[in-house]
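Peer 1: Structure incoming, see below.
The values are calculated or read from the model by the stated rules, or taken from the named source; none is laboratory data. Just so you know, these numbers come straight off a predicted model, no measurement behind them. Every residue, glycine among them, receives a Cβ derived from its backbone with ideal geometry; neighbour counts consider all protein chains shown.
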Ligand SMILES: Nc1nc2c(ncn2[C@@H]2O[C@H](COP(=O)(O)OP(=O)(O)OP(=O)(O)O)[C@@H](O)[C@H]2O)c(=O)[nH]1
Ligand SMILES: [Mg+2]
């Protein structure tokens, strides 16, 4: 997946099918005079259904096709024959898709499980044929019901990535580099801030075919929750992750302080983010010699107390197995 193809917000217009008209037919056969009403019911209009598909990671496929229309139900006919239902239309979306009514902005529902289906526009019911309306006093009803109208609605689809681990860090902390060494993802990496403009996902393939998904989101800076930088727009992509991996570079002037700034931004964006399990990785620690590392450890042990932290280096491939082990444990 390249960055340009990452789409996490689309507007879609959906229309369900109208129900078929019930029939007003009167039975007429050679030896059965006054055969009575035999008009069948109209068929149901097609629904528009959203369906979650675990193989989709973005809403990119909906960027160019934004209108979905289901078929109308067919009319009922003689011999109480019911009209065929209109075909349903399925719109496939990734897991973690939140569906809103565009007009009211109200959340209609979310899809989180593979194969889950939700009707977003219900097909109109078919009208009843005249055969239903025969009574003792009216043996030959010459009326039937029309089919119900379909529904038409503009919806907003918003993706909240369902990754297992979300990477949180300042720009340039080494998030994308880490993703590139523990997964097959090939995100853009460079020595300047805001290299990553859209989330990247990677799958960590782990011992005994275990796997977990890591999301690399754009860097977060102080004030991100209020809209500074670009990170705030992507913070929702870590709302669903079960574990947050904080990345603070070893050359940060004050590691604990940087961590606190990040935590504070998350809190201001959504305090529930702090209920998640957290791990701190001190990145780029190939820049430290053993002596310096030992000294830092003494200080960090005091500062971080209960919060687990570890030294890693993506470039020198240090601490990466321990990191994966730790993440796996936290996830399971
Ligand atoms: N020495 C050293 N440098 C690293 C390491 N990991 C990343 N870097 C360097 O740090 C710089 C930033 O790396 P990125 O992975 O692009 O950082 P990022 O956190 O994704 O940055 P943004 O996308 O801008 O938020 C690059 O020049 C990397 O080569 C490491 O383990 N050791
Ligand atoms: Mg990056």
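Peer 1: In region 243-269, what count of residues is obtained for those that are in contact (Cβ under 8 Å) with a residue 60 or more places away in the chain, within 26 Å of the chain's Cα centre (by Cα) and either within 16 Å of ligand 1 (Cβ to nearest atom) or more than 17 Å from residue 279 (Cβ to Cβ) (or both)?
Peer 2: Adding up the residues that qualify gives 6.
Peer 1: If I filter region 56-87 down to residues being touching a helix residue (DSSP H, G or I) at 6+ places or on another chain (Cβ under 7 Å) and within 30 Å of residue 199 (Cα to Cα), which single residue comes out as surrounded by the most Cβ atoms within 10 Å (Cβ to Cβ)? If you could, list the steps in order and put the result at the bottom.
Peer 2: Applying the first criterion (touching a helix residue (DSSP H, G or I) at 6+ places or on another chain (Cβ under 7 Å)) to region 56-87 yields 58, 60, 80.
Within this subset, residues satisfying the condition of being within 30 Å of residue 199 (Cα to Cα) are 58, 60.
Numbers: 58: 20, 60: 16.
Restricting to residues being touching a helix residue (DSSP H, G or I) at 6+ places or on another chain (Cβ under 7 Å) and within 30 Å of residue 199 (Cα to Cα), the top hit is 58.
Peer 1: From (1) surrounded by fewer than 19 Cβ atoms within 10 Å (Cβ to Cβ); (2) touching a strand residue (DSSP E or B) at 6+ places or on another chain (Cβ under 9 Å); (3) farther than 25 Å from residue 315 by Cβ, pick out the condition that doesn't hold for residue 273.
Peer 2: The failed condition is (1).
Peer 1: Would you please list the contacts, defined by Cβ atoms under 8 Å and residues six or more apart or on different chains, that run from a residue in region 313-332 that is on the phi < 0 side of the Ramachandran plot and without any contact (Cβ under 8 Å) to a residue 60 or more places away in the chain to a residue that is part of a loop (DSSP other than H, G, I, E, B) and surrounded by fewer than 17 Cβ atoms within 10 Å (Cβ to Cβ)?
Peer 2: 326/308
Peer 1: Still on this model: Considering each of 262, 266 in turn, give the residue that is assigned to a helix (DSSP H, G or I), buried (at least 17 other Cβ atoms within 10 Å of the Cβ) and within 16 Å of ligand 2 (Cβ to nearest atom). Break it down stepwise before answering.
Peer 2: On the way: 266 fails: within 16 Å of ligand 2 (Cβ to nearest atom).
Unique residue meeting the criteria: 262.
Peer 1: Here is a further query. Restricting to region 30-55, and then to whatever is exposed (fewer than 11 other Cβ atoms within 10 Å of the Cβ) and over 21 Å from the mean Cα position of the chain (by Cα), can you tell me which residue is nearest to residue 132 (Cα to Cα)?
Peer 2: In the first step, residues of region 30-55 are kept if they are exposed (fewer than 11 other Cβ atoms within 10 Å of the Cβ); the result is 30-34, 55.
With over 21 Å from the mean Cα position of the chain (by Cα) added as a condition, the list becomes 30-34.
Numbers: 30: 23, 31: 23, 32: 20, 33: 20, 34: 17 Å.
Among those that are exposed (fewer than 11 other Cβ atoms within 10 Å of the Cβ) and over 21 Å from the mean Cα position of the chain (by Cα), it is 34.
Peer 1: State all residues of region 141-177 that are at pLDDT below 95, within 16 Å of ligand 2 (Cβ to nearest atom) and out of contact with any strand residue (DSSP E or B) (no Cβ under 6 Å at 6 or more places or on another chain); if no residue qualifies, say none.
Peer 2: Matches in region 141-177: 170, 171, 172.
Peer 1: It is to be established whether one or more residues within region 186-198 are within 16 Å of ligand 2 (Cβ to nearest atom) and buried (at least 23 other Cβ atoms within 10 Å of the Cβ). Let's see the steps before the verdict.
Peer 2: Here is the first cut: in region 186-198, the ones within 16 Å of ligand 2 (Cβ to nearest atom) are 186-198.
Of the ones still in play, those that are also buried (at least 23 other Cβ atoms within 10 Å of the Cβ) are 196.
Yes, some residue in region 186-198 is within 16 Å of ligand 2 (Cβ to nearest atom) and buried (at least 23 other Cβ atoms within 10 Å of the Cβ).
Peer 1: Given the criteria outside any helix (DSSP H, G or I) and crowded, with 17+ Cβ neighbours inside 10 Å, does residue 315 qualify? Walk me through it before giving the result.
Peer 2: On the way: outside any helix (DSSP H, G or I): yes; crowded, with 17+ Cβ neighbours inside 10 Å: no.
Criteria not met by residue 315.
Peer 1: I would also like to ask the following. Return only the number of the condition from (1) free of Cβ contacts under 8 Å to residues at least 24 places away in the same chain; (2) closer than 30 Å to residue 132 by Cα that residue 104 does not satisfy.
Peer 2: It is condition (2) that residue 104 fails.
Peer 1: Is it the case that residue 315 is under 28 Å from the mean Cα position of the chain (by Cα) and within 16 Å of ligand 1 (Cβ to nearest atom)? Break it down into steps so the answer makes sense when it comes.
Peer 2: On the way: under 28 Å from the mean Cα position of the chain (by Cα): no; within 16 Å of ligand 1 (Cβ to nearest atom): yes.
Considered against the rule, which asks whether it is under 28 Å from the mean Cα position of the chain (by Cα) and within 16 Å of ligand 1 (Cβ to nearest atom), residue 315 comes out as no.
Peer 1: Residue under question is residue 257, and the condition is that it be surrounded by 19 or more Cβ atoms within 10 Å (Cβ to Cβ) and either modelled with pLDDT of 85 or more or more than 16 Å from ligand 2 (Cβ to nearest atom) (or both); does it hold? Step through it out loud before you land on a result.
Peer 2: Details: surrounded by 19 or more Cβ atoms within 10 Å (Cβ to Cβ): no; either modelled with pLDDT of 85 or more or more than 16 Å from ligand 2 (Cβ to nearest atom) (or both): yes.
Against the criterion (surrounded by 19 or more Cβ atoms within 10 Å (Cβ to Cβ) and either modelled with pLDDT of 85 or more or more than 16 Å from ligand 2 (Cβ to nearest atom) (or both)), residue 257 does not qualify.
Peer 1: Could you identify the single residue in 115, 83, 123 that is in contact with a strand residue (DSSP E or B) (Cβ under 9 Å, 6 or more places away or on another chain), in a loop (DSSP other than H, G, I, E, B) and closer than 30 Å to residue 164 by Cα?
Peer 2: Details: 83 fails: closer than 30 Å to residue 164 by Cα; 123 fails: closer than 30 Å to residue 164 by Cα.
Of 115, 83, 123, the one residue that is in contact with a strand residue (DSSP E or B) (Cβ under 9 Å, 6 or more places away or on another chain), in a loop (DSSP other than H, G, I, E, B) and closer than 30 Å to residue 164 by Cα is 115.
Peer 1: Any residue at all in region 284-301 that's outside any loop (DSSP other than H, G, I, E, B), more than 13 Å from ligand 1 (Cβ to nearest atom) and under 33 Å from the mean Cα position of the chain (by Cα)?
Peer 2: no
Peer 1: State yes or no: is residue 246 crowded, with 19+ Cβ neighbours inside 10 Å and within 16 Å of ligand 2 (Cβ to nearest atom)?
Peer 2: So residue 246 fits the description; yes.
Peer 1: Name the single residue, out of those in region 126-140 being out of contact with any strand residue (DSSP E or B) (no Cβ under 6 Å at 6 or more places or on another chain) and surrounded by 18 or more Cβ atoms within 10 Å (Cβ to Cβ), that is nearest to residue 87 (Cα to Cα). Show your work before the answer.
Peer 2: Step one: list which residues in region 126-140 are out of contact with any strand residue (DSSP E or B) (no Cβ under 6 Å at 6 or more places or on another chain), which gives 126-129, 132-133, 135-140.
If we keep only those that are surrounded by 18 or more Cβ atoms within 10 Å (Cβ to Cβ) as well, we get 126-129, 133.
Details: 126: 13, 127: 17, 128: 19, 129: 21, 133: 28 Å.
The extreme case among them is 126.
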